[in-house]
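What follows is one structure encoded as structure tokens, with my remarks underneath.
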Amino acid sequence: MTNPDANPDQTLAAGYQLDDYRITGLLGRGGFGITYKGIDERLQRAVAIKEYLPQQFAFRDTDGDVKPRTTEDNETFEWGLSRFIDEARALALFRHPNIVSVIRYLDANGTA
């Protein structure tokens, strides 16, 4: 396994292309993920991109993939990833000015 501390920043760099989206900066990070500023290249509109990366259980490898820190963390990581996707699907059903709009979710780099 690659050293979990090989990429201490853990973020994707500005300019990183994720399907139709390009990361333009960092909005913030928390215990379960990282939120980026981005641009939808097709629609030319600003977006926020939220990535599941719970640093207690996972890390970004030097190849860019997110992996559980240990084999013991795999089950917890997969459970959290499944809940993260479920939350995206649930939020996508709502249209309200006080609730963030989810327009799409992606599976990439071993995470969502």
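The values are calculated or read from the model by the stated rules, or taken from the named source; none is laboratory data. On a predicted model such as this, the values are computed, not experimentally measured, just so you know. A quick note on method: Cβ atoms are made from the backbone with ideal geometry, for glycine too, and the neighbour counts reach across all protein chains shown.
Assorted remarks:
- Test: residue in the stretch 66-73 that is of a type in the set (D, E, K, R), surrounded by 11 or more Cβ atoms within 10 Å (Cβ to Cβ) and modelled with pLDDT under 95: no
- Residue within the stretch 84-107 that is outside any loop (DSSP other than H, G, I, E, B) and under 11 Å from Leu53 (Cβ atoms) present: yes
- Verdict on Ala92 being in contact with a helix residue (DSSP H, G or I) (Cβ under 6 Å, 6 or more places away or on another chain), among the small types (Gly, Ala, Ser) and surrounded by 13 or more Cβ atoms within 10 Å (Cβ to Cβ): no
- Tabulated pairs, the stretch 9-29, first closer than 14 Å to Asp63 by Cα, second of a type in the set (Asp, Glu) and modelled with pLDDT of 95 or more, C-beta under 9 angstrom, 6+ apart or interchain: Thr11/Glu51; Leu12/Glu51
- Single residue of Ile103, Ile85 found to be under 21 Å from Asp19 (Cα atoms), modelled with pLDDT of 95 or more and not basic (Lys, Arg): Ile85
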